[in-house]
Every structure is written in structure tokens, then in C-alpha cells.
1. Whenever you get a sec, line up Lys49, Lys189 from highest to lowest accessible area (probe 1.4 Å, protein heavy atoms).
2. Would you mind checking which residues have amide H under 5 Å from Gly750's amide H? H placed 1.01 Å from N; only 5 or more apart, or other chain.
3. What whole-number value in cubic angstrom gives the convex hull volume per residue for the C-alpha atoms of region 370-518?
4. Per residue of region 41-50, what does 6.51 cos²θ - 1.76 cosθ + 1.60 with θ = phi - 60° give for ³J(HN,Hα)? Whole Hz please, x for Gly and Pro, Karplus curve as stated.
5. Under a point spin-label approximation (7 Å from Cα along Cα-to-Cβ), what is the Val170-Gln466 distance to one decimal in nm?
6. Is region 473-584 best put as rounded, prolate or oblate by its Cα gyration tensor, with a ≥ b ≥ c the root eigenvalues, rounded for a/c under 1.5, and otherwise prolate when a/b is larger than b/c, oblate when not?
7. Could you order peptides 468-478, 80-90, 415-425 by the average number of other Cβ atoms within 10 Å of their residues, highest first?
8. Once phi is turned into θ = phi - 60°, what whole-Hz ³J(HN,Hα) does the Karplus curve with 6.51, -1.76 and 1.60 give for every residue of region 562-577, x standing for Gly and Pro?
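The values are calculated or read from the model by the stated rules, or taken from the named source; none is laboratory data. Fair warning: this is a prediction, and the values are worked out from it, not measured in the lab. No Cβ is skipped: glycine too gets one built from the backbone with ideal geometry, and neighbour counts run over all protein chains shown. What goes into the accessible areas is simple: the full protein's heavy atoms, side chains included, and nothing from ligands, DNA or RNA. Shrake-Rupley method; radii C 1.70, N 1.55, O 1.52, S 1.80 Å.
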Amino acid sequence: MTKLKFFLGTCCLIVAAAFVVSCQESVDESDHYKVPDWLKGNAYEVLQKEGGHTLFLKAVELTGYRDIVDGKSILTVMAPDDNAFQAFLQESGYSSVEEMYQSNPQQLKKTIGFHLMYYAYDWDKLVNFRPTEGDGATEEQKAQNAGLWYKHRTRSQDGMEDVRGKLNGVDTLVTVYHYERFLPVLSNKFFQTKGIDAKSNYEYFFPKSQWTVSGDGFQVANASVTDQAAVITDNGYLYHVSQVVSPMETIYKTLKENPNYSDYIGLYDQYAELTPAATETSDNVGKVVYTLTHNGLPNIACEWPVTDYRQMATLERAAYNIFAPSNQAIARFFQNYWTAEGGYRSLSDLDPLITQYFILQSFADTDEPVFPEEIRGGKVETAFGTPININPDDVDDRLFCENGVVYGMNDMEAPAIFSAVVGPAFKDTAYQCYLYTLDKSELILSLASDKTEFVTLIPNNRQFLQNEPSMRLNTTTAGRLLEVYSDEDGNYVTMGQGQTRNIVNMHTASNIAALSASGTQVVETNSPFNYWFVHNGQITTNARFNEQLNPAYDGTPFVDFHEIQNAGQPWSNGRAYAYDADDLFSEASGDGLEHLLSVGNDKNYAYYLFAQLLQKAGLVDTKSSTMPSLASMGNRMVVFVPTNEAITANLEKIPGAAKLTIEADGTLSGAPTSTQKAELANYLRHYFVSSLMNTITSYPYPGSSFQGKFLTMSGEDLTVVNGGQTIQCLGSSVNITDKYYGLPFAYSDGCMQFIDGILLSDEN
């Protein structure tokens, strides 16, 4: 290189350097490029500059969180000062941060991690987080459920641990993964949205803290926020808190570590299972890790309600509420409710389904934390929709947990579902089959309602087994299953929901207060157009009552019944009874009324002559055994049938029957002319009331709603009067016969009532 080139190069470098210096000076002096005053460094640097946070920052360093707080990770920091941290150390039994770290490094890491929240939350987001709408939320959207997204993900996390539990039904040693804890942030908006007082309800769960919030402020678990606005840092937001925020545990761990609730957790753990964890961490690369779950019960052992970090709307709001009975409460309740005579002598004897209902009754039916004022106001129900009837002031343990709240009680009343008319199924092993029937039907909750009075019949296990087809409760590897015998393959198969609903509805009534011990009573069951008939202290169903029409039947359809009481008293929402039939009460089934009247060719049938008149009139298709002009698919008919005796005494008065004769043996002979046939057919239509022309909600019987004026198939009016015991048509009045107690023969397609005369017009 020549000297000239070297000189020119050197000059260029000097000039370039001077130019850079000149530009830098101009940038620094420019307002556009000047570093904003509100950027004070990252969270670690800001706390260093402020001073007074030496202990917290030392703990951050010892627990490995400095790279996060002092780096580029976006986060929100809740920072206690040295006075607050020193008080925490003394309360925990340590003289220094270093001592706590050496003694219990995991606990210190959990504690510090609980002060470090994922993501950057400014003041507005902590007051009223909007996980769905985000920063673009309108004022109207912000007013919806304001403040109820109240908890946020922190870096506080337990390490993985080896746990022995059921994996696919087999006891296995696996590694359990714990998700990060969520930190509750309770704002004034939170309580305003709920419509309850902030101070009293907050301090109910945090008695060692005071509610100090005014305006649109908030508190963090047990600590007050001493700022009036968020401190903005290079990597997020910083808030100063009045004390160290103690890391909360799950409801499960909180109760598990309290010996007063060992029986309750013991019942809960009967359903413990291990489920593969859904994690986004690198800790489990190449290794399957699990979470502890409880099949069929709320997963109170998992830190997250869902294990997808993207479902923020659920993660930041969902909470469990549990009204947990202590060992003392369970022992007292067991002693008062169950008896040795009922087959349950200890908690371990309880059927698993009973245990499941017992536990589920202790959960509130809401996905957000409930407070004592809401309970006092009657706004809280169990998971089954029954009322929470506790006095919050009598609650011994008031626990705000990481995933919900606990009301721990040393006394408890019978859960509503146990004290309702389905109670016998829970109290006595003799009714276990019906317990599983109730459960499978999904009608059990409605039968526990205190808004309706019920009368229930409770069938026993023997009646299920002796039923046709036979039914049983079978224990399998999948649990206990209600099964029914199948003729198709000669084996038992799992019962369907429809079958169980039919059984439950046939054993339930909601229109009476009690079964009568004397006289005659008709009870409409919850199975439409199916009835219980009660006579002089005995009971039957219309399906069994119908058997009397078979000439070969020589028994009685009625059986004894007796009331099942709850410690000598009726149940909370009605009465329950047992009945002495060999098998189950069931709905009317089979060919139905149309078929019955179409094939009435045996003179011994009580409806024989009426059925024969229908055939003589051409109203019956004998090939298909149907009555096409009277009955059609889906319609329901009510037929008032004159007895054989009534027709015999009045045959000559019946229009179109002039050529018909009743022989000495009781059979009907003769054939009408075509004109007489049409006349007879039109006359017989007077006895038919069809749902095609009328609204039929019940069949006729004494006291039935089937009263008043109806249009017959002939087009004439028929009126039911005298409490359902008399019909009027064609100007005549005829009574229901008392031969069958005035009760109807009810079928799936209609009803037949016997009358003691025939309908006659003035001309007759």
C-alpha cells in the first residue's frame, strides 16, 4: 500500500468516526430517540434501584429465577419488601433466606415462584382480565362478568414425584407431573359482579389480612397491593405487596395434609386414577408422566382445571367449591343414617355408587368461587341442584386454595339426595339394583328436588332378579353394571337408559301426597297413561289389573305395600313405599286395546258381545286384527264398553241388530243386512272417543281429569259426569260398572271402561 493510499484511508476512518459521533450526539439529543422515562430497567434492576428488596432478590437468585426476573422474559412480579420478607422468614422458623434455602430449597422456590406470573398484566388486566376479547374489548364486553377471571398462572410448581396408583386398573409406580400454581387476584369488580360485600367475604377466607382496596383496586391472595398503579419495567410489570404471598396448594393436597379429613379423602381416593399429563415442558421428553385424577369426580388434585395452557378463559376462572365433612361429621352422619340392618356397617361397606353421590353432594354447582354471603342468600346449590343448607358461620375450616375453596365442617345434615324419596336406595343394600337404575336413568336428581312432592315405590333386588326378563347387578372389571337377560343370545347385557327410565317412571308419582290405606285410589304415574290402583291397603298397576280380563285368570292383581320411612319420618320431599310383588311393576305393553277388541271371539271374555258387534258391523279387519276406521297409528282411544249382561238385556234396542241373536250358550249369531250393518257401525261409534278429535291427557276413572264433553267417533257429544262414574250420550245416562271397582283397563293405545247399560236415543 502506498503512503497516499494509507493517508487517504486513515483520513476516511477519522472522518467516518467523527460522523458516527456526531450522529450519536444528535440521536441522544432528539426527543424521538430518547429513552422514555418510564423504562427503568428490567424488574430485577428496578427493585435493586429502589432498595429495600434485598431479601426477595436474594431468594430470586438462590432459587434460580434471576435469569427470568433479570432477563427478557415477559412477566409480572409481586414484590414484598425486606420487612415483609423478614416477617415471613421468622414466621416460618428461619433466620435468613440462606437458611431456608439450605433447609427447604423446594419450599422457597415454590414461594418465590408464586410471586412471578407468566405474561405481563397491567393494572386494568388484573382488575378485569378479558381472556376472550383481549385489548379490543368494548365497554359492554368489559361489563360482562367483570373481574371474574380472577387467577393467573405463576412459576410456582412442585417437582415431579413417583406415586403408586391405578393405571388401567393395575397398581403401578409412575411419575406424577404437577402444573404451575395459579395466584388469585381479587378485585372490587370481582365482588361487585357477584353483588356481595368485598370486605366481609374476603376476610372470611383471609382472617389475618384486611381488605384495603378502594376504587378499581385489587389484592393478591393474602397480600395488599401498596401501589396506585403498575410499575412498568423493561420486561413487564411490577407491583409491591404488603407481605409474602404464601403459595396455595390444591384442594386435594390441602385436605390430604389435614388429618381431620382423612376419611373424606379416603372415600375420594377410591376413585383415584392416573392419566397421562399434557405438558409443554422439556422435563418429560421421552418419558410419559401422569396426573392424579379421580374418575367420575372433580379433579381437585390437579393444579389446572384443563391441561391446555391456551384455554385461558377456563384456566383463569374455573374453581371448585367443596363443602367437606370432617371425620367427626362423617362418623356422626354415618351413625345417624345407616344401620346394620340395612347392610352398611362401616364406610368401607358402602356401595361405590353411594360413595360417589356422597362426595358429589359436597360440591357446589358453579365454576367460580362462592362466598358466605352467596350461601346465606340461597344462591348456591350442590352439583345435583339441591340446596346448600349450611350456616357459613358454623364452618370450622375456611380455606382458599389454588384451585378453589373449601368449607370444612365438623357437622353435616343429610345431603338432600339422601333424604329425598330415593333415600331408601341409599340406605339399604336390599335396594341396590334400584339405586343403579336411578343412576342410569339420570332421573335421580329430579327426584331429589324440594320443589315437588313425590310418592315412590322402591323395588328390591329380588324383584329385579325374578322379573321377566331377569335383571341383575353384576360386578365387572369396569365396575358394577345393571344388566338384563337377553333372549337373543342367552346372556345378560347392559341395560339401556330407556329401560331404566321406564322402570323409574313407573315407580314414581307426583300428583298425590300418600297411598291410601282404605278405599279405592287411582294414581297417575310418571309413565304417561300408566297407573297404580290402590284398594283397601293393597296396590297393583293397570298392566296387572288388565290380566283379570283373561278368563283363565283366577288370582288377584293386588299385593300388599308398606311405607319405608326415614328414621320414623317421611322423606324430605314425599313418601316411599315397598310392595310385595314377586317381580317389578311395569308399563302396559303387548298388542294393546285395538287388538284386544278385534279378536274378542271367546264368549268368556267380559267384552265378548261388544267385540262381536264390532265384527258384525264390519268395523274389524279380521285378517289384520285391526279397526282401520276407528283406530290409526299414534292415536289414542277411550272406549266405553257395555258388559255382556247389558247387551244381552238390550240387544233388540240396538240399531242395526235386528237380525242378531244371542244363543243359549252366550254366543252371538246372525248377519245384518248391508243397511243394518252401516246403521250398527254408526251406532257403535258413539262408544268411541279418539285423540284424533279430542285432547286426551288421562283415561277416565273416578276423580280423573277426563271430565266434561267429548266428541265421539259418530260425531255426537258424549259427556262424562258424576266424578267420572257416569256417561251421557244420545239423551241417555249410563253408569260405569262397579264390577271392577270402577277402574279402567288401560293399555298403550287406549282405555276400556265397562258400563252397566247401553246408550239409547229417545227414538229407541
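1. Ranking Lys49, Lys189 by accessible area, largest first, yields Lys49, Lys189.
2. The list, which skips near neighbours in sequence, is Leu593, Met637.
3. 175
4. Coupling constants for region 41-50: x, 6, 4, 5, 5, 4, 5, 4, 5, 5 Hz.
5. Label at Val170, label at Gln466, 4.4 nm between them.
6. oblate
7. Result, highest mean Cβ count within 10 Å first: 415-425, 80-90, 468-478.
8. Along region 562-577, the couplings run 8, 7, 9, 9, 9, 6, x, 10, x, 7, 5, 10, x, 10, 10, 9 Hz.
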